[in-house]
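I have placed the structure first, in the form of structure tokens, so that the comments after it can refer back to it.
The values are calculated or read from the model by the stated rules, or taken from the named source; none is laboratory data. Treat the numbers as computed from the prediction; the structure is a model and nothing was measured. Here the Cβ positions follow ideal geometry from the backbone for every residue, glycine too, while neighbour counts run over all protein chains shown.
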Amino acid sequence: MGKTIVWFRKDLRLHDHPALAEAAAHGDVLPVFILPETRHTASDWWLHYSLLDIIARFREQKIQFVVRKGQPVEQLMKLIRESGADQLVFNELYDPNSREQERELTAACEKARVQVRSFQGTLLAAPDAIFNKTNQPYKVFTPFWKRLRQELIARPLAAPELKPSDGCFPSLAAEEWRLLTGHAWHEKLAKHWKPGETAAMECWETFRDQSLSNYLEGRDHPATSYVSRLSPYVAWGNISVRSLWHGALNAAELAGHQQAEAFIRQLAWRDFAHYQLLYFPEMLSKPVRPEFEKFPWQPAGDQLQAWKTGHTGYPLVDAGMRELWETGYMHNRVRMVAASFLIKHLLIDWREGMKWFEDTLIDLDAANNSLGWQWVAGSGFDASPYFRVFNPILQAEKFDSDARYIKKWLPELTDMPLAYVFQPADAPEDVLNAAGVTIGTTYPAPIVDHWAARDRALAAYNLCKNYMSSMDSSI
């Protein structure tokens, strides 16, 4: 029996881990994680504590989990030489950088005569197994979803039996990772989250038992507890999407088939985002519809900063941005409204918003992030109609009708009557005084008029409307 190195990345768990299962069947297991270049983002905080969790889980089985920093191929080949491993395995990722690293690693292992094997362990189905009738990748979600629904999604694997390993190799201690330096995220995120595989399972079970039965109706209301809050666990692979898929379907009898279907459809959206990234890697940095390169974006100045800090004068947008800054997370309905406001009310390039989310989201997933922003901007293949400009006031009235979400994250509006809380600047002076609100001081005036902004956005989109229509007809 030989020794197998398991290269962990966005799959920090033991259950349903095909590469780990292969390694366990082969003999001794040597798990390793190569730290990325530190950007000091909220997701670095999640990575730090996910690593601590998985290191402890392997330590319980008397197996060392090695953490190193540097160029992945170089570090892995060095560890192969140090350990005498005769095999290296990993679960595939689909972003351009990861694909290139996988190709380089495979070539290096073959040159060194070390067996290398890769597995599909991060998505519901292998992206190269799903094509349309003309054998081309899907560009629109609904036909992709119908095709995926016909696939036999593999059952999740149990955590494998592992035998203790005697090896002891150089590994960076937690204080050397430097994932928590340079910002104060760790001072507040711990109040809201507990990363790791065990916590992921607990989060799933709570959602399954308490909220799945109301998911379809409740997921759009940010003040309720009907969303799963599983996204950061999925982003770092603390929990397997296949286990969630089958878990939801197994719970459908009690929770309701429509509810379970709505939930697994969201898992399919994640697959679709990674699928699109594999076949259209340019989506990370530029619009996939080329006409949007000519879009008349406005300079990102004070209005961008007002959006980032939750001082736009539109309470639902501001509540979402402040929730993000405090917790590293934002409710999905509010994400759409906040993103639409930046793009269509302020005409600020969607890439500015995408970068801010990269810094602040604990559930950062590059594929989901870019697909979501391009969906709102209208620059993706499968995108929101360009003429859809979310009215943040009506969205608040519809999905936060009692203003519980708004007042939670905007305490300065706690005493504002419901009749005016969605448009504080329109409140009479006596109402503002009674609520202790001074527009422009304790709460900002709207940085842009909704109707004027809407007209300006539609005029900007009309510059490329005809070309957009011709592109739509060809998809």
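Taking the stated definitions as given, is Ser50 in a helix (DSSP H, G or I) and either hydroxyl-bearing (Ser, Thr, Tyr) or assigned by TED's automatic domain parsing to the domain that holds Trp245 (or both)? Let's see the steps before the verdict.
Working: in a helix (DSSP H, G or I): yes; either hydroxyl-bearing (Ser, Thr, Tyr) or assigned by TED's automatic domain parsing to the domain that holds Trp245 (or both): yes.
Here the answer is yes, as Ser50 does meet what is asked.
So how many residues does segment 346-369 have that are among the β-branched types (Val, Ile, Thr) and under 18 Å from Leu189 (Cα atoms)? Reasoning before the result, please.
Step one: of segment 346-369, the residues among the β-branched types (Val, Ile, Thr) are 348, 360, 362.
The next check asks that each one be under 18 Å from Leu189 (Cα atoms); those that pass are 360, 362.
Residues flagged as among the β-branched types (Val, Ile, Thr) and under 18 Å from Leu189 (Cα atoms) within segment 346-369 amount to 2.
In the list Lys398, Lys355, which residue meets the criterion of being surrounded by fewer than 19 Cβ atoms within 10 Å (Cβ to Cβ), in the same structural domain as Leu418 (by TED's automatic domain parsing) and under 21 Å from the mean Cα position of the chain (by Cα)?
Matching residue, one of Lys398, Lys355: Lys355.
Does Phe90 satisfy the condition of being closer than 21 Å to His274 by Cα, in a strand (DSSP E or B) and either free of Cβ contacts under 8 Å to residues at least 40 places away in the same chain or not small (Gly, Ala, Ser) (or both)? Lay out the reasoning, then the answer.
Details: closer than 21 Å to His274 by Cα: yes; in a strand (DSSP E or B): yes; either free of Cβ contacts under 8 Å to residues at least 40 places away in the same chain or not small (Gly, Ala, Ser) (or both): yes.
Criteria met by Phe90.
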Practice prompt. Give the number of residues within segment 334-384 that are in contact (Cβ under 8 Å) with a residue 60 or more places away in the chain, of a type in the set (S, T, N, Q) and assigned to a helix (DSSP H, G or I).
Written response: 4
Worksheet entry | Residue tally, condition assigned to a loop (DSSP other than H, G, I, E, B) and either in contact (Cβ under 8 Å) with a residue 24 or more places away in the chain or among the charged types (D, E, K, R) (or both), over segment 385-423 | 13
Worksheet item: Does at least one position in segment 155-167 carry a residue that is exposed (fewer than 10 other Cβ atoms within 10 Å of the Cβ), part of a loop (DSSP other than H, G, I, E, B), modelled with pLDDT under 95 and touching a helix residue (DSSP H, G or I) at 6+ places or on another chain (Cβ under 7 Å)?
Response: yes
Discussion item. I'd like to know if segment 2-13 contains one or more residues that are small (Gly, Ala, Ser), more than 24 Å from Lys355 (Cα to Cα), part of a strand (DSSP E or B) and in contact with a helix residue (DSSP H, G or I) (Cβ under 9 Å, 6 or more places away or on another chain).
Written reply: yes
Response to the item:
Picked from segment 93-129 (must be of a type in the set (Ser, Thr, Tyr) and assigned to a loop (DSSP other than H, G, I, E, B)), the residue farthest from Lys10 (Cα to Cα) is Tyr94
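Has segment 297-316 got at least one residue that is surrounded by 23 or more Cβ atoms within 10 Å (Cβ to Cβ) and of a type in the set (Ser, Thr, Tyr)?
Initial filter on segment 297-316 (surrounded by 23 or more Cβ atoms within 10 Å (Cβ to Cβ)): 307, 312, 314-316.
Cutting the leftovers down to of a type in the set (Ser, Thr, Tyr) gives us 312, 314.
Scanning segment 297-316, I find at least one residue that is surrounded by 23 or more Cβ atoms within 10 Å (Cβ to Cβ) and of a type in the set (Ser, Thr, Tyr), so the answer is yes.
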Item to complete: Consider His246 carefully, then state whether it is surrounded by 15 or more Cβ atoms within 10 Å (Cβ to Cβ), in a loop (DSSP other than H, G, I, E, B), in contact (Cβ under 8 Å) with a residue 24 or more places away in the chain and not hydrophobic (A, V, I, L, M, F, W, C).
Response: no
Worksheet, complete the sentence: Glu82 fails exactly one of (1) modelled with pLDDT of 95 or more; (2) more than 24 Å from Pro281 (Cβ to Cβ); (3) within 25 Å of the chain's Cα centre (by Cα); (4) assigned to a helix (DSSP H, G or I), namely (3)
Response to the item:
Reported set for segment 1-13 where residues are surrounded by 24 or more Cβ atoms within 10 Å (Cβ to Cβ) and more than 26 Å from the chain's Cα centre (by Cα) is Thr4, Ile5
Item to complete: Could you tell me which residue of segment 14-47 is surrounded by the most Cβ atoms within 10 Å (Cβ to Cβ), considering only residues that are among the aliphatic types (A, V, I, L, M) and assigned to a strand (DSSP E or B)?
Response: Val29
